[in-house]
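Undergrad: Starting off with a structure, shown below.
The values are calculated or read from the model by the stated rules, or taken from the named source; none is laboratory data. Just so it is clear, the model here is predicted, and its values are computed rather than measured. Neighbour counts are summed over all protein chains in view; Cβ atoms, including those assigned to glycine, are modelled from backbone coordinates with ideal geometry.
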Ligand SMILES: [Zn+2]
Ligand SMILES: [Zn+2]
């Protein structure tokens, strides 16, 4: 997952070192923040209602504070807008498989 502000991708931390990337919650979404964006990101990050910490993680429909372990329900209206595609609109996978096997039969001269 890239940094939500600048799009930089996280590189694996060197062995023995912990990554300086932070996790947080912005608009009820779990995000990663690169070291360069952390001070700017503070204004965006959701904060724990009890202790004010920005060390929050999103779990299913809940947001948990990593510092005081307060768990609250995530706001439903800011969930991802993508809805499941109705199956009728999807290309049928079996047809494609049949096409491929037919084409293979032709190439291999099986018929
Ligand atoms: Zn960044
Ligand atoms: Zn807290």
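Undergrad: Are any residues in the stretch 85-111 loosely packed, with under 10 Cβ neighbours inside 10 Å, modelled with pLDDT under 80 and in a helix (DSSP H, G or I), and if so, which ones?
TA: Once the filter is applied, which keeps residues that are loosely packed, with under 10 Cβ neighbours inside 10 Å, modelled with pLDDT under 80 and in a helix (DSSP H, G or I), the stretch 85-111 yields 87, 88, 89, 93, 94, 95.
Undergrad: Restricting the first residue to the stretch 26-53 and requiring it to be within 20 Å of residue 74 (Cβ to Cβ), which pairs with a second residue that is away from ligand 1 (no atom under 15 Å from the Cβ) and not in a loop (DSSP other than H, G, I, E, B) meet a Cβ separation below 6 Å and a spacing of at least six or different chains?
TA: Note: pairs meeting the criteria are 27/78; 28/78; 30/58; 46/25; 46/56; 48/65; 53/65.
Undergrad: I'd like to know if the stretch 13-32 contains one or more residues that are at pLDDT 90 or above, assigned to a loop (DSSP other than H, G, I, E, B) and either within 16 Å of ligand 1 (Cβ to nearest atom) or exposed (fewer than 10 other Cβ atoms within 10 Å of the Cβ) (or both). I'd like the intermediate steps shown before the answer.
TA: First, pick out the residues of the stretch 13-32 that are at pLDDT 90 or above: 21-32.
Cutting the leftovers down to assigned to a loop (DSSP other than H, G, I, E, B) gives us 21, 27-28.
Retained after the next criterion (residues that are either within 16 Å of ligand 1 (Cβ to nearest atom) or exposed (fewer than 10 other Cβ atoms within 10 Å of the Cβ) (or both)): 21.
For the stretch 13-32, residues at pLDDT 90 or above, assigned to a loop (DSSP other than H, G, I, E, B) and either within 16 Å of ligand 1 (Cβ to nearest atom) or exposed (fewer than 10 other Cβ atoms within 10 Å of the Cβ) (or both): present.
Undergrad: Identify, from the list 14, 28, the residue that is under 20 Å from residue 69 (Cβ atoms) and either more than 16 Å from ligand 2 (Cβ to nearest atom) or in contact with a helix residue (DSSP H, G or I) (Cβ under 7 Å, 6 or more places away or on another chain) (or both). Reasoning before the result, please.
TA: Details: 14 fails: under 20 Å from residue 69 (Cβ atoms).
Going through 14, 28 in turn, just one is under 20 Å from residue 69 (Cβ atoms) and either more than 16 Å from ligand 2 (Cβ to nearest atom) or in contact with a helix residue (DSSP H, G or I) (Cβ under 7 Å, 6 or more places away or on another chain) (or both): 28.
Undergrad: Moving to a separate point now. Look through the stretch 33-57, keep the residues that are more than 13 Å from ligand 1 (Cβ to nearest atom) and outside any loop (DSSP other than H, G, I, E, B), and return whichever of them is surrounded by the fewest Cβ atoms within 10 Å (Cβ to Cβ).
TA: 57
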